Amino acid sequence: MATLRAATDSLLTRAGQLDDDAVRAPSALPGWTRGHVLAHLARNADALVNVLTGRPMYPSAEARDADIAAGAPRPLAEQLDDVRATAARLEKTAADIPADGWSARCELRGGVTDVMARIPFRRLVEVELHHVDLDAGYTLDQLPADFVAREIAFLSARFAGNEEVPPLSLSAPGGGTWTTGAAAGAAGAPVRVTGAPYALMGWLAGRTTGTGVRTEDGAALPTLPPL
């Protein structure tokens, strides 16, 4: 939670250097302005409060999308106040959970379940990646190395066994190896992919189409399904 607080403060500081026109300008996410990104972050914090207190994450997918769209056009000051207040509410909710409560399972969107102890990291992923998505000067190569390594492992586990993804063997120069995708064998030999950790993570997270990442045999990178 301390790491999450620091990441949130960093995002708010950078976003605070924008102005109302910049908030209405496109973000790095197709179809979303920076206002959409900030509105999503606020509503995601509310949604994770729901998760931690045993309620549905969102009333519906349609309600989630409508809330983001409604919040996107707001002025910068209102956006920042919302992100700040909802982050504080999430932190207080987490602080009230007893130590033995973090091992309980909870439900997220689409029937996905996880242990409560993973919720702070899931929120950290939202904050760090959407900080990059603001397209305001924070880039993938500036992400903390420990976060990048953990997110690669998280995404590798998420794609593991997915028949839409060929067997992949990922490696970063100087250390770090991961496997993901369909099981090798019937699906063929693993495609060996290499790149700097932040580049591998950006590709797995759908933030790039493979910038800084290559296959060892020079073949085209596989197309990954959306998260």
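The values are calculated or read from the model by the stated rules, or taken from the named source; none is laboratory data. No experiment lies behind these values; they were computed from the predicted model shown. Here Cβ is always computed from backbone atoms with ideal geometry, including for glycine, and neighbour counts include all displayed protein chains. Ligands, DNA and RNA are excluded from the accessible area calculation, which covers all protein heavy atoms including side chains. Shrake-Rupley method; radii C 1.70, N 1.55, O 1.52, S 1.80 Å.
If residue 77 satisfies every condition in (1) within 20 Å of the chain's Cα centre (by Cα); (2) surrounded by fewer than 19 Cβ atoms within 10 Å (Cβ to Cβ); (3) among the small types (Gly, Ala, Ser) but one, which is the exception? Here residue 77 meets the rest and fails (1).
When restricted to residues that are among the hydroxyl-bearing types (Ser, Thr, Tyr) and open to solvent by 30 Å² or more (accessible area, probe 1.4 Å), the stretch 153-163 contains 0. Out of 3, 8, one residue alone is hydroxyl-bearing (Ser, Thr, Tyr), farther than 13 Å from residue 133 by Cβ and surrounded by fewer than 17 Cβ atoms within 10 Å (Cβ to Cβ). It is 3.
Quick grid of which residues meet (1) more than 27 Å from residue 221 (Cα to Cα); (2) more than 18 Å from the chain's Cα centre (by Cα); (3) open to solvent by 70 Å² or more (accessible area, probe 1.4 Å); (4) touching a residue at least 40 places away in the same chain (Cβ under 8 Å):
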residue: 119; (1), (2), (3), (4): yes, no, no, yes
residue: 126; (1), (2), (3), (4): no, no, no, yes
residue: 146; (1), (2), (3), (4): no, no, yes, no
residue: 151; (1), (2), (3), (4): no, no, no, yes
residue: 168; (1), (2), (3), (4): no, yes, no, yes
residue: 188; (1), (2), (3), (4): no, yes, no, no
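When the stretch 11-31 is examined, which residues are found to be touching a residue at least 40 places away in the same chain (Cβ under 8 Å) and within 16 Å of the chain's Cα centre (by Cα)? Result: 11, 27, 28, 29.
Per-residue answers, yes or no, for (1) hydroxyl-bearing (Ser, Thr, Tyr); (2) out of contact with any Pro (no Cβ under 6 Å at 6 or more places or on another chain):
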site	(1), (2)
110	no, yes
123	no, yes
128	no, yes
152	no, yes
157	no, yes
164	no, no
167	no, no
174	no, yes
209	yes, yes
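Of all residues in the stretch 178-219, how many are over 22 Å from residue 140 (Cα atoms) and part of a loop (DSSP other than H, G, I, E, B)? Going through the stretch 178-219 one residue at a time, the tally reaches 12. Counting the residues of the stretch 153-164 that are modelled with pLDDT under 95 and either within 14 Å of the chain's Cα centre (by Cα) or within 17 Å of residue 214 (Cα to Cα) (or both) gives 1.
Which count do you get for residues in the stretch 177-186 that are under 17 Å from residue 157 (Cβ atoms) and open to solvent by 30 Å² or more (accessible area, probe 1.4 Å)? Reasoning before the result, please.
Looking only at the stretch 177-186, we keep the residues that are under 17 Å from residue 157 (Cβ atoms), and these are 177-184.
With open to solvent by 30 Å² or more (accessible area, probe 1.4 Å) added as a condition, the list becomes 177-179, 183-184.
Of the residues in the stretch 177-186, 5 are under 17 Å from residue 157 (Cβ atoms) and open to solvent by 30 Å² or more (accessible area, probe 1.4 Å).
A search for C-beta distances below 7 Å between a residue of the stretch 52-70 that is free of Cβ contacts under 8 Å to residues at least 60 places away in the same chain and any residue that is hydroxyl-bearing (Ser, Thr, Tyr), counting only pairs 6+ apart in sequence or on different chains, returns 53/93; 64/58.
Residues that are free of Cβ contacts under 8 Å to residues at least 40 places away in the same chain and within 14 Å of residue 224 (Cα to Cα) were ranked within the stretch 190-210; the one that is most open to solvent (accessible area, probe 1.4 Å) is 209. Scanning the stretch 23-38 for residues that are closer than 15 Å to residue 75 by Cβ and open to solvent by 20 Å² or more (accessible area, probe 1.4 Å) yields 24, 25, 33, 34, 36.
Checking the stated criteria, residue 115 turns out not to satisfy the condition of being buried (at least 19 other Cβ atoms within 10 Å of the Cβ) and β-branched (Val, Ile, Thr). Within the stretch 89-111, being open to solvent by less than 70 Å² (accessible area, probe 1.4 Å), at negative phi and either hydroxyl-bearing (Ser, Thr, Tyr) or at pLDDT below 95 (or both) holds for one residue alone: 93.
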